[in-house]
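**Student:** The structure is given below, and queries will be raised subsequently.
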Amino acid sequence: MTPQKDNWSANKYAKHASFVPKLGSVILDKLDPQSNEHVLDFGCGDGVLTKLLASKTRCVTGIDASQAMIDHARQDDAPQNVSYHTVNGYDLDTWFDAHEKAGPYDAVFSSATLHWLKEDPIKAIRNIHHVLKPQGRFVAEFGGFMNCGEVKTALVHALNKRGIDGNAASPWFFPSAEHYSHLLVENGFEVKEAELVPRMTELNTDIKGWIETFGFAFLERLANEQERAQVAQEVQDYLQPSFQREDGKWFIMYVRLRVIAVKK
Ligand SMILES: C[S@@+](CC[C@H](N)C(=O)[O-])C[C@H]1O[C@@H](n2cnc3c(N)ncnc32)[C@H](O)[C@@H]1O
């Protein structure tokens, strides 16, 4: 298994980002899960959507690279037809071959996860292909081209200014629909649908809370807590004129890539 530092916190996720699984119901509807299916939830996080998925289908296997997220998902009254496993998506093929006794999945579902696999998105696609039945569906939503663009640019700029390569620090892969479709076709899928959907998104808290939850790859490049707090404040102040509404609520413009593909 690929060793990975666990930067995820289920508590921060619930406090600053509970909008993520809530807004995931659109892609869950596009999956159209059937009552006889076994579905893999790739990057299941704290299991909020996984549970919903389990209520609509025969059984769900949830995998996530974060032990903290899986621990939370397991504690949170997991239904009987869900099993959770700490597995890095890059290692899904070997884990599946060694452990998944039930055989290939009818569908792979993934919400808000695939843009985190920047190092090797092709390996992620191949692994999803590996675990699907022939004609199995791959239905996913994640960050696409220009997703959270202003926040990302402000973070990159804040690091660059301090002599750190901000772009290299970014953990995100935000592809266009054309590029991702090409990767899918090259790796054994037929693409049924691939579209970028801009979505103005109300945050639970503020930009600083969002950066604390999702911007850890940028923050960990900085020398100490004081500098981290400074960068988060700087980015929030920079975005405030356009990103804070009259009533004080904070928003970010997300751009989601929604994909439906079938294993050939
Ligand atoms: C924004 S959360 C989404 C969680 C959940 N699907 C939801 O909609 O609430 C992203 C998740 O991707 C997981 N993740 C990031 N990189 C991963 C990888 N290489 N393999 C598996 N999971 C990964 C994180 O641990 C995190 O739980």
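Please treat every number below as a calculation from the coordinates, not as lab data. Quick caveat: nothing in here was measured; it's all calculated off a predicted structure. For neighbour counting, all protein chains shown are included, and Cβ atoms are generated from backbone atoms with ideal geometry for every residue, glycine included.
**Student:** Quick one: work out the % antiparallel among DSSP beta bridges in the chain, nearest 5.
**Tutor:** Restricted to the chain, the bridges split so that about 50 percent are antiparallel.
**Student:** Could you give the size of the charge dipole of segment 1-114 about its Cα centre, using +1 on the Cβ of each K and R and -1 on the Cβ of each D and E, expressed in debye and rounded to the nearest 20?
**Tutor:** So the magnitude is around 360 debye.
**Student:** Beyond 29 Å between alpha-carbons counts as too far, so tell me which of 5/192; 12/192; 123/161; 22/264; 118/161; 12/51 fall in that bin.
**Tutor:** 5/192; 12/192; 123/161; 22/264
**Student:** Can you pull the three principal axis extents for the Cα set of segment 10-113, in Å, largest first?
**Tutor:** 36, 27, 23 Å, listed from the longest principal axis down.
**Student:** In whole Å, largest first, what are the principal axis extents of the Cα atoms in segment 15-76?
**Tutor:** Each principal axis gives a Cα extent; for segment 15-76 these are 31, 20, 18 Å.
**Student:** Quick one: what Rg and Dmax do you get for segment 138-264 from the alpha carbons, in Å?
**Tutor:** 16.7, 52
**Student:** Continuing with this model, one more query. For residue 19 and residue 80, calculate 0.36 nm times their separation in residues minus their Cα-Cα distance, and state this gained length in nm to one decimal.
**Tutor:** 19.4 nm
**Student:** Next question. Enumerate the calculated ³J(HN,Hα) couplings along segment 160-171 in order (Karplus 6.51 cos²θ - 1.76 cosθ + 1.60, θ = phi - 60°), each rounded to whole Hz, writing x wherever the residue is Gly or Pro.
**Tutor:** Calculated HN-Hα couplings, in order: 3, 4, 9, x, 10, 6, x, 5, 5, 6, 4, x Hz.
**Student:** With Cβ to Cβ distances under 13 Å as the rule, what net charge do the other residues near residue 135 carry (K, R +1; D, E -1)?
**Tutor:** Counting the neighbours of residue 135, the net charge comes to +2.
**Student:** With N residues in segment 198-246, what two-decimal value do you get for its Cα radius of gyration over 2.2 N^0.38 Å?
**Tutor:** 1.21
**Student:** Net charge near residue 240: determine it from the other residues with C-beta under 13 Å of the C-beta of residue 240, scoring Lys and Arg +1 and Asp and Glu -1.
**Tutor:** -2
**Student:** Once you charge only the Cβ atoms, +1 for Lys and Arg and -1 for Asp and Glu, what is the size of the charge dipole of the chain about its Cα centre, to the nearest 20 debye?
**Tutor:** 260 debye
**Student:** Moving to a separate point now. May I ask for the Rg/Rh ratio of segment 108-208, computed from Cα atoms with Rh as the Kirkwood radius, given to two decimals?
**Tutor:** So for segment 108-208, dividing Rg by the Kirkwood Rh gives 1.03.
**Student:** Using a cut-off of 13 Å between beta-carbons, work out the net charge of the residues near residue 209 (Lys and Arg +1, Asp and Glu -1, residue 209 not included).
**Tutor:** Once positives and negatives cancel, what remains is +1.
**Student:** Taking residue 15 as the anchor, which lysines have their alpha carbon closer than 16 Å to its alpha carbon, excluding any fewer than eight residues away along the same chain?
**Tutor:** 208, 249
**Student:** Expressed as a whole percent, how much of the Cα-Cα distance distribution for the chain exceeds 32 Å?
**Tutor:** More than 32 Å apart: 21 percent of the Cα pairs in the chain.
**Student:** While we're looking at this one, here's another question. Multiply the residue separation of residue 176 and residue 99 by 0.36 nm, subtract the distance between their alpha-carbon atoms, and state the gained length in nm to one decimal.
**Tutor:** Gain on extension, residue 176 to residue 99, equals 24.3 nm.
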